[in-house]
Structures are given as C-alpha cells and as structure tokens.
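First the structure, in the form of structure tokens, and then the observations on it.
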Amino acid sequence: MKTQHATSSSERALLVGVTWKRARRVPGMPTGEQGRESLAELVELARSAGAEVAATMYQVRESADPATLVGRGKLDEIRAEATAHKAPLIIFDGNLSPMQQRNIETATERRVIDRTQLILDIFARHARSREGQLQVELAQLNYLLPRLTGHGTAMSRLGGKSGGGGAGGAGGGAGRIGVRGPGEKKLETDRRRIRDRVSKIQASIEDVRKQRALRREARNAVPLGTIALVGYTNAGKSTLFNALSRAEVLVSSRMFATLDPTIRAIRLPSNRRVLVSDTVGFIRDLPKGLLTAFRATLEEVQEAALILHVSDVSNPHHEELDEEVDKILQELGVADRPKLRVLNKVDLLTPEQRKALDSSLARAGETGPVLVSAMTGQGIDGLLRHIDAALPIDPVVTLSLRLPLAEGRTLALIHALGRVLHSAVEDSHMTMDAEVPASIARRLRLSQYAAGGTSAAPRT
C-alpha cells in the first residue's frame, strides 16, 4: 500500500511500516489496522521532527527478515519509491538492529533511521532543562554505541601488518614504518570516548537529581499534594494544565512538545492548595531506554499523590491508547496509585456520540471518568471537585468551632485557608462550621475550640 503526500523543500522522508500477520489482535480492529495506526502516528512524529513526509509504504509479513526486516524484494521497491520522490531519508516504524540498519542503507543507498532514533531527535529539539538535555544525550549515545561500524582501512589508527592497516598489535613486525603501534582502531577509540562521555553524563545527571530532590524535600515540608497529568501524546494534557492553573505552557499538536516538567500551584474548591505537574505524552512501543530520557518528568508521576489519566475521547481508539499508558505506569511502579480518569475533548463529539457516552457513564456512577473540554472550559469546575474528593493527602475535615473574637489571626486563617459554611457571633465568641485541611487544623490547634465536644472528622 502506498500513500501520496504533499512535499516541500524540507528534508523529504519515505516512511515504511511493517506489521506481522500473527501479531496480537485488538478487539474490534481489523487485521493490520493497528500497524496502519502506528504508521499514521509515525507521520506525525516525522513532522514533529521537521521532516516533510513524501510518501508512506506499508507491508504485512509472516515474520521479520533477520538481515533486512522487510526482505530483498521489498527493499528494491523501497529504493525505487525513495528515488521517485527524491527522498534522501527512510524512516522505519519499528526498531532496527544495527545489522538491519546497515544492510538497508547499503541496499537503498539512503540514510536510514528507525522509530527510536526519530523520537530521540524530537527529544533533542524540545529538551530545555539541563537534566532533560543530559538525559537525551545519554540516550543518544547508548543508542549509537552498538551502531558504530568500521569502514575498511579508513577506520584504522596505528598498528597493523603491511598492506592491511588493521590492528596488528605491538608485536606486529611486518607493519609499515611509522605506523607500528598498539593497533587501536578508530572504531575502538570512538567507543572509548563514548563510554567516557556516558560516565560523565551519568555523574552530571546524578548531581542534578540530588538538587531536584532537595527542592522536592523543601516542597514536601509544606503539606501540598502533587497531581500529575499523564496520557497519550496529543490527549490535550497541556491545554488542560493551562485551564486548571491558568499557566501559559506551550500547547502544540506536535508530539512530545512538552518534555521538561512544569509545576504550578492551584487552589481547590475546599481552599486546599495543591501542585499540578504537566508531563510528556506517552506513546506506544516506547523503548525502555527512552523512559530514562524523560525521567525528570516521570519522577513527578512517581511522587504524585494523585494521577490524572487524560484521554482524547474523540479518538475512536482511545481505549487502546489508554492501555499503552497503563503499561508504562505499570513499568514505573505507580499502577496502584490513586487515579482519576479524565475524558477530554468532549466538544469534538457528535450529539449521538455524546448521548452514548453519557449513557455509559450513568451506569458507571460516581466511579466513572470525568468529562471535560480543556479548550472550552466545559467540566473544569466539576473536575476540580472530583480532585478535591479523590486527593488522599491532607484530607479536608469538617469542624464545628467556637472561638473568642480576640483570636483574630486564627479566624482570618480559617477564612483564608478553609471554607466557612456558617458563622454567627455570640457574645464575645464566634461559632462556625468550617471545612479546613487537616494540616491547618493541627497547625492552628483547632481541636481546643471544638464546640459542644465535636471533633475533627473527614469530610465525606
């Protein structure tokens, strides 16, 4: 199957997708449809990297060819397509082994990259923080290390026997005058330099991580819960983050536009202040090495008291994409963390789709997901109320209090940090029913002002 795309003067790329006949089937999805969805996703990734997609090719195979992945016949077809569309770059939707990548480059006479390398390039474009840049460089070097190859005698340095120019060792007596030596090839030198650089980057990352841990410890000294937004890329997390926090975080349809972590404080309806963290969008078949590349963002997920799993409900395959997110959360060890499902982009649904969705949510009851439109603001107030109820850290307690009017500072803090449900002045005292965070109740020692023997009880 071939698909034509508009081209421009940008770097043209031919995209190749491959899937297997015996691949795991997704219920309700025809054979091969999952591979086509992945290829469509690769198109968006390539555009995010600045490439101009000249054409796409798709193949369904029984199994992978160990040498070329797609087979010699398909390689000839790929080369012809790349020549016809003047595409100097070929991008494969999958991970190529070093040998497969070399063989494909030789057969097509084109530069070849795979999905991992493309994502790393996008990461390099969008990383802004020091740690983000270090993590991307580390992932790139680890990816490059097994792909360093020699090209004949051009990769040789000192040593070697006459005529070969290869590594002959210090005892090689037949080497040419002036080149006898230990015989370290340029390939070996490059590998040694990469390993040295990797060690330095790892040390730098550890220093940055310690600094961030100190900042997190300082934040934790104040009893503020942390909420992390997670979801598949392009689910609308950054738009929702801006709607919740009134921040000005970059909103883009390009994949991985948000790489570095962004944290803002928001106030919930109970007057509790919490921290909200925007994270990088997840993606299917994300190599484990790339999880480390944006570890700075994912650490906020690991520290979160509540996870908001944001889904693009207008995507007909959003349930499958949600499963991919759940897999990554499982790998991070946070699958059992309190989670609130948020179905975003409800404004893009047709009236029939919205009616069917409302019907299914009515059956789910209070445990069902929250419907919002981050773009229009629909459902944001309801989401804040659900967050307030689901957040396990610093729960809100309801108190009946009787305070002397002379305790002006305590009264002012109750109004500022909690919510007063009812109040009345009696003689020189004020009686009130108020909802306040448990930490504030402890700090102000409100138990001593309990009216009629009431005690602090969690709000239901």
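Just need the relative contact order of region 354-445 here, percent rounded to a whole number, with Cα pairs under 8 Å and 6+ apart. The value is 24 percent.
Partner aspartates and glutamates whose Cα lies under 20 Å from the Cα of LYS355, excluding those fewer than 8 positions away in the same chain, are identified as ASP312, GLU319, ASP347, GLU366.
Of the peptides 412-418, 197-203, the ranking by mean beta-carbon count within 10 Å, highest at the top, reads 412-418, 197-203. Accessible surface ranking for GLU52, GLU426, 1.4 angstrom probe, highest first: GLU426, GLU52. Amide H contacts under 5 Å for THR279: LEU229, restricted to partners 5 or more places along the chain or on a different chain, H placed in the peptide plane at 1.01 Å from N.
Dividing the Cα radius of gyration of region 319-394 by 2.2 N^0.38 Å, with N the residue count, gives 1.22.
Take every pair of alpha-carbon atoms less than 8 Å apart whose residues are at least six positions apart; their mean separation over the length of region 296-354 yields a relative contact order of 48 percent. Note on region 311-367 and region 66-109: Cα centroid distance 38 Å, given to the nearest whole angstrom. If you bin all the Cα-Cα distances of region 17-141 at 5 Å, starting from zero, the percentages per bin are 2, 10, 18, 21, 20, 14, 9, 5, 1, 0. Take the cross-link list LYS237/LYS339; LYS21/LYS345; LYS186/LYS210 and give me the ones stretching past 25 Å between alpha-carbons. Exceeds cut-off: LYS21/LYS345; LYS186/LYS210.
Segment LYS86..THR106, full-extension length gain: 5.5 nm, with 0.36 nm per residue of separation and the alpha-carbon distance subtracted. If you add up the charges near ARG267, with Lys and Arg at +1 and Asp and Glu at -1, over every other residue whose beta carbon is less than 15 angstrom from its beta carbon, what do you get? Neighbour charge sum, excluding ARG267 itself: +2.
Listed by chain and number, the aspartates and glutamates placed with their C-alpha closer than 12 angstrom to that of LYS200 are GLU137; residues fewer than eight positions away on the same chain are left out. When the alpha-carbon atoms of region 381-445 are used, the pair Rg, Dmax equals 13.0, 41 angstrom. Near the amide H of ARG111, within less than 5 Å, lie the amide hydrogens of ILE90, all on another chain or at least 5 residues away, with H placed in the peptide plane. With a 1.4 Å probe rolled over the protein heavy atoms of all chains, the accessible area of LEU405, LEU308, LEU69 falls in the order LEU405, LEU69, LEU308, largest first.
Solvent-accessible area of HIS429, all protein chains in place: 50 Å² (probe radius 1.4 Å, heavy atoms, ligands and nucleic acids excluded).
Averaged over residues, the count of other Cβ atoms within 10 Å places the peptides 318-329, 235-246, 131-142 in the sequence 235-246, 131-142, 318-329, highest first. Residues ARG209, ARG442, ARG102, ordered by accessible area of protein heavy atoms at a 1.4 angstrom probe radius and largest first, appear as ARG442, ARG102, ARG209. Shape analysis of region 92-146 based on the Cα gyration tensor places the equivalent ellipsoid semi-axes at 25, 11, 8 Å, largest first.
The values are calculated or read from the model by the stated rules, or taken from the named source; none is laboratory data. Because the structure is a prediction, the values reported are computed rather than measured. Cβ sites come from the backbone with ideal geometry, for glycine too, and all protein chains shown count toward neighbours. All accessible areas refer to the heavy atoms of the entire protein, side chains included, with ligands and DNA or RNA removed. Shrake-Rupley method; radii C 1.70, N 1.55, O 1.52, S 1.80 Å.
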